[in-house]
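*Asks:* One structure, as structure tokens, below. Some questions next.
Where a number appears in this text, it was derived from the coordinates with a stated rule and is not lab data. Values in this document were obtained by computation on a predicted structure and should not be read as measured data. Note: ideal-geometry Cβ built from the backbone for every residue, glycine included; neighbour counts use all protein chains shown.
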Amino acid sequence: MSAWKAKRFWKTATAEGCDGGFTVRLDGRAVKTPAKSAFVLPTLAMAQTAAAEWDAQVKEVRPETMPVTRMANSAIDKVAVQFNEVAGLLAAYGESDLLCYRATGPVELIARQEAVWDPLLDWAAAVLGAPLVATAGVVHVAQPPGSIAALRARLFALTPFQLAAMHDLISISGSLILGFAVAGQRLTAAEAFSISRIDEQWQAEKWGEDEDAAALEALKRAALIEAARFWSLCG
């Protein structure tokens, strides 16, 4: 038996003001989240983008083509409800940030990591107030408590919508610093993704590209770019 799929029942999707922010209405009916919560967004730009996603649906509703709507739903139904848990989970990335764990060889890969990752650690120290310690190998190295506290405070100061975006920026890149660099416009999402995949790029250059791995990388890259777009819509 085939799975049931929602059909398009509306003629027009519009972005409108509402109590607490902005929402999307389908022929005047307010959209709800999957958990039946009010679909209240922080900015008109986000509501307009979400409305455009609803308007782009043809016969069946395809959630995979509605990234802003899906992330907004997550912010409302999940992140807002479990804000401390989500923020704490992301803060833990600072204890083992990708940029802090370097290759032990070959020298060319070591140099490539240093050239790209060191300036970002310098930026984190200067702008985020969070100097971090880099090490060679995978053995855990303790980070300065003050740095972890500074990064944690920044996460806990975000709105649920910003934290939803930051969740993907951090989890996809594997780096709290890269997430903040995209949010702070130090890097574009595409640049951050490339920087987070230095090791994988090195392996592909050496041994050739695996088609399945490349397809997965493309999906991750697209998701990171969508997360950055959602962050920009938060206002």
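*Asks:* With +1 on the Cβ of every Lys and Arg and -1 on the Cβ of every Asp and Glu, and nothing else charged, how large is the dipole of the stretch 83-233 about its Cα centre, in debye rounded to the nearest 20?
*Replies:* Numbers: 10 positive and 18 negative charges, 118 e Å.
That gives a dipole near 560 debye.
*Asks:* Between Ala142 and Glu200, what length in nm is gained on full extension when 0.36 nm per residue of separation is reduced by their alpha carbon distance? It would help to have the intermediate numbers written out before the result.
*Replies:* Working: separation 58, 0.36 × 58 = 20.88 nm, distance 2.54 nm.
Working it through step by step, the gained length comes to 18.3 nm.
*Asks:* Which one of Ala103, Ser194, Gln82 is farthest out on the positive end of the charge dipole of the chain, using unit charges on Cβ (Lys, Arg +1; Asp, Glu -1) and the Cα centre as origin?
*Replies:* Checked the options; the winner is Gln82.
*Asks:* With both partners inside the chain, how many of the DSSP beta bridges are antiparallel, as a percent to the nearest 5?
*Replies:* Approximately 85 percent, going by the DSSP bridge assignments.
*Asks:* Right, something else. Loop only by DSSP, 14 or fewer other Cβ within 10 Å of the Cβ. Give me the GluC sites (Glu not before Pro) in the stretch 111-214 that pass, ordered by residue number.
*Replies:* On the way: sites: Glu114, Glu191, Glu200, Glu205, Glu209, Glu211; in loops: Glu209.
Here the sparse-neighbourhood loop sites are Glu209.
*Asks:* Assign one of three labels to the stretch 96-235, namely rounded, prolate or oblate, based on the Cα gyration tensor with a ≥ b ≥ c the square roots of its eigenvalues; rounded applies when a/c is under 1.5, prolate when it is not and a/b is larger than b/c, and oblate otherwise. The partial results should precede the final answer.
*Replies:* On the way: a/c = 2.17, a/b = 1.16, b/c = 1.87.
Verdict is oblate for the stretch 96-235.
*Asks:* Got a sec? How would Phe83, Phe39 order by Cβ neighbour count within 10 Å, fewest to most?
*Replies:* On the way: Phe83 17, Phe39 21.
Arranged by neighbour count, lowest to highest, Phe83, Phe39 become Phe83, Phe39.
*Asks:* Quick check: the distance between the Cα centres of the stretch 149-172 and the stretch 88-111, to the nearest angstrom?
*Replies:* 19 Å
*Asks:* To continue, here is another question. Where a ≥ b ≥ c are the square roots of the eigenvalues of the C-alpha gyration tensor, would you call the stretch 33-74 rounded, which needs a/c under 1.5, or, failing that, prolate if a/b is larger than b/c, or oblate? Write down the numbers at each step before the final one.
*Replies:* On the way: a/c = 1.99, a/b = 1.26, b/c = 1.58.
It comes out oblate by the Cα gyration axes.
*Asks:* May I ask you to sort Leu90, Leu178, Leu121, Leu219 by Cβ crowding, counting other Cβ atoms within 10 Å and putting the fewest first? Don't skip to the answer; put the middle values down first.
*Replies:* Numbers: Leu90 22, Leu178 29, Leu121 19, Leu219 10.
In order of increasing Cβ crowding within 10 Å: Leu219, Leu121, Leu90, Leu178.
*Asks:* I would also like to ask the following. Roughly speaking, what is the stretch gain from Ala149 to Lys7, that is 0.36 nm per residue apart minus the C-alpha to C-alpha distance, in nm to one decimal? Before the final figure, lay out each step's value.
*Replies:* Values: separation 142, 0.36 × 142 = 51.12 nm, distance 4.75 nm.
That works out to 46.4 nm of additional length.
*Asks:* Can you compute the charge dipole magnitude of the stretch 66-172 about its Cα centre, using +1 on each Lys and Arg Cβ and -1 on each Asp and Glu Cβ, nothing else charged? Give it in debye, rounded to the nearest 20. Could the numbers behind the result be given before it?
*Replies:* On the way: 6 positive and 9 negative charges, 43 e Å.
In total the dipole reaches around 200 debye.
*Asks:* Based on the Cβ-Cβ distance of Arg229 and Phe156, what FRET efficiency does E = 1/(1 + (r/R0)^6) give at R0 = 30 Å, to the nearest 0.05? Before the final figure, lay out the partial values.
*Replies:* Working: r = 23 Å, r/R0 = 0.78.
The computed FRET efficiency comes out at 0.80.
*Asks:* Only four residue types carry charge here, +1 at the Cβ of Lys and Arg and -1 at the Cβ of Asp and Glu. Report the dipole size of the stretch 2-145 about the Cα centre in Debye, rounded to the nearest 20.
*Replies:* Approximately 980 debye in magnitude.
*Asks:* Rounded to the nearest 0.05, what FRET efficiency do Glu114 and Leu89 have when you use their Cβ-Cβ distance and R0 = 30 Å?
*Replies:* On the way: r = 29 Å, r/R0 = 0.97.
After rounding, the FRET efficiency stands at 0.55.
*Asks:* Which Cα, out of Ser173, Ala227, Ala142, lies furthest along the positive dipole direction of the chain (beta carbon charges, K/R +1, D/E -1)?
*Replies:* Ala227
*Asks:* Also, quick follow-up: Mind scanning Lys36/Lys59; Lys11/Lys78; Lys11/Lys59 and naming the pairs with a C-alpha gap bigger than 21 Å?
*Replies:* Values: Lys36/Lys59 23 Å; Lys11/Lys78 30 Å; Lys11/Lys59 11 Å.
Pairs exceeding the cut-off: Lys36/Lys59; Lys11/Lys78.
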